[in-house]
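Structure first, then comments.
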Amino acid sequence: MSFGNLWTNVTEDQVKRVQQEFFMDIMLMLITCGILLVMIHYDPKGCGIPVREWLIGFFILYFSRSTF
């Protein structure tokens, strides 16, 4: 099977599944980062270790895997 044949065998169900996964990942990323940003806003001092910022970076990378 050649690389060109891979794209001709894609079904509508597969395309819909990928789109749904993409939008779900983006929504989860926005919700998670939003919650962490609200926590930063209401408790800006925190514990001195930028764990929340690390979590934001992690979740952005993890949930944006669909865009890559």
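Readers should treat all values here as calculations from the given coordinates under stated rules, not as data from a laboratory. Small disclaimer: the values here were computed from a predicted structure and weren't measured. Counting neighbours? That spans all protein chains shown, and the Cβs are built from the backbone with ideal geometry, glycine included.
Specify which residue in the list L30, I49, V10 is farthest towards the positive end of the charge dipole of the chain, using unit charges on the beta carbon of Lys, Arg (+1) and Asp, Glu (-1), about the Cα centre. Result: I49, furthest along the dipole toward the positive end. Local charge for F22 was computed over the other residues whose Cβ lies under 13 Å away, with Lys and Arg +1 and Asp and Glu -1, and equals +1.
What fraction, in whole percent, of alpha-carbon pairs in the chain exceed 19 Å separation? In whole percent, the share of Cα-Cα pairs in the chain beyond 19 Å is 52. Contact order, relative form, for the chain: 45 percent (alpha carbon pairs under 8 Å, 6 or more residues apart, mean separation divided by residue count).
Calculated [222 nm] ellipticity per residue, helices only, for the chain: -24500 deg cm²/dmol; basis is -39500 (n - 2.57) per DSSP H run with n ≥ 4, divided by all residues, nearest 500.
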